[in-house]
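The values are calculated or read from the model by the stated rules, or taken from the named source; none is laboratory data. In this text, all values refer to a predicted model and were calculated from it rather than measured experimentally. So basically every Cβ, Gly included, is an ideal-geometry build from the backbone, and we count neighbours across all protein chains shown. When the accessible area is computed, the model is the full protein with side chains, heavy atoms only, and any ligands, DNA or RNA have been set aside. Shrake-Rupley method; radii C 1.70, N 1.55, O 1.52, S 1.80 Å.
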Amino acid sequence: MKKKLALLLITTGILGGCEQFNQESGSESNQASETSSSIEKLTPEEEQKRAKEAEHQAMLDTLPAVSSDDWNLILVNNWTKIDESVEIPLSELPDGYPVDERIFLVDERIIEDYVAMADAGKEAGHEILAVSTYRSVELQTTNYNNRIQQYLDEGFSQEEAVKLTEDYIAIPGGSEHHTGLAIDVMDTEWVNTGKGLVAEFDTQASQQWLVENAAEYGFVLRFPEGKKDETGIEYESWHFRYVGKENAAYMKKHELALEEYIALLEEAGK
């Protein structure tokens, strides 16, 4: 009798355990189902937002170990004027367009990398020439006013002349050429066409080579297509800016204008 009672209790316990297991399994299954259901309820817009947030965080996490205050990341544009009290170590660039005995000055710290880039371009079959480098605020003022007058002479209003001028010419004090880190380039073949600094320079193999390879030497195309809202300047296929090799590689990879890159560094506290 005692054996039968013990067997009955054991059987009841096993069945009770199975029932409890089934209940717990069912609960876990319901929770998993609810979790899965909540994920499935994300709208396409929400999914896209999460993906962008994840991409943005990944960009912050992989920023180079640099500072937005570094000398090669100085930001000058129509909203941020050059600090004229900062002394720039200018030296003559050995490779410039030979006209009017002009001296091409740049920040001496970029000369070695520029020369290496020009030499590599020559080996690839491209005669790259600097046609504009450091520019004082006074010279920029002259260029700015002359271009406005040119548009006025063509019949544009003062407002229209200023707008057209500032699409391509920075306001005095707001030009990258004040930094000694910007170089306008052409090649001998393009110089001979007489077309000058126009967007169509990007039809040249030399310009395409520069866009592809400049980052290896610390340079980036400063005013890319589609970035006017960020830079304030229309597309300039000829204007290259020195930012340093690490920065240039990152900017090229993520297709960033300098303004966007600086904003990322500041967001990361760099």
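Report note on the peptides 76-87, 244-255: ranked by the mean count of other C-beta atoms within 10 Å, highest first, their order is 244-255, 76-87.
Solvent-accessible surface of segment 149-227, taken per residue with a 1.4 Å probe and all protein chains present: 46 Å². In this structure, the amide hydrogen of E236, modeled 1.01 Å from its nitrogen in the peptide plane, lies closer than 5 angstrom to those of F223, counting only residues at least 5 positions away or on a different chain.
Among 48-57, 113-122, sorting by the average number of other beta carbon atoms lying within 10 angstrom of each residue, highest first, gives 113-122, 48-57. Ligands, DNA and RNA excluded, the heavy atoms of R102 present near 110 Å² of accessible surface to a 1.4 Å solvent probe.
A 24 angstrom limit on the alpha carbon distance is what I want to check against. Which of K49/K227; K163/K228; K163/K252; K52/K81 exceed it?
K163/K252; K52/K81
Database remark: amide H of L181 closer than 5 angstrom to the amide H of D107 (H placed geometrically; neighbours at sequence offset of 5 or more, or on other chains; Pro and chain starts carry no H).
Each other residue within a Cβ distance under 15 Å of D153 adds +1 if Lys or Arg and -1 if Asp or Glu, for a net charge of -1.
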